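A short reminder: the numbers here are calculations on the coordinates, not readings from a lab. Quick caveat, the model's predicted, so the values are computed rather than measured. Cβ sites come from the backbone with ideal geometry, for glycine too, and all protein chains shown count toward neighbours.
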Amino acid sequence: MTQRLCHVFTKSLELPAETDAATLQRDFVESWDSLAHISLITAIENEFDLIFNADDYARITSFEAVVEILQARGIE
């Protein structure tokens, strides 16, 4: 799951493929603006065939937070 998620993060945030996505946090990624946030959410939903709720939108502030959300939904 994390490999797929790394790809989604780097592609959605237009980062180099070699970026260590596992360390990404919204406050420290210049390209992670409000439009990129929606794009990232949509890409994750498509990749893992799920729909986030409004609480999830607010919690998605880092790679680690997304991993926790996915794991809570049984995605490994």
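Each residue of the stretch 36-51 was assigned a 3J(HN,Hα) from its phi angle through the Karplus curve 6.51 cos²θ - 1.76 cosθ + 1.60 (θ = phi - 60°); the sequence is 5, 4, 5, 4, 5, 4, 4, 5, 5, 4, 5, 5, 10, 6, 8, 10 Hz, with glycine and proline shown as x.
Amide H to amide H, with H built 1.01 Å from N, Ser62 comes under 5 Å of Arg26, counting only residues 5 or more places away or on other chains.
How large is the charge dipole for the stretch 2-72, taken about the Cα centre, if only the Cβ atoms of Lys, Arg (+1) and Asp, Glu (-1) carry charge, to the nearest 20 debye?
That gives the stretch 2-72 a dipole magnitude of about 80 debye.
Taking 7 Å steps out from each Cα toward its Cβ at His7 and Glu45 produces label points 2.1 nm apart.
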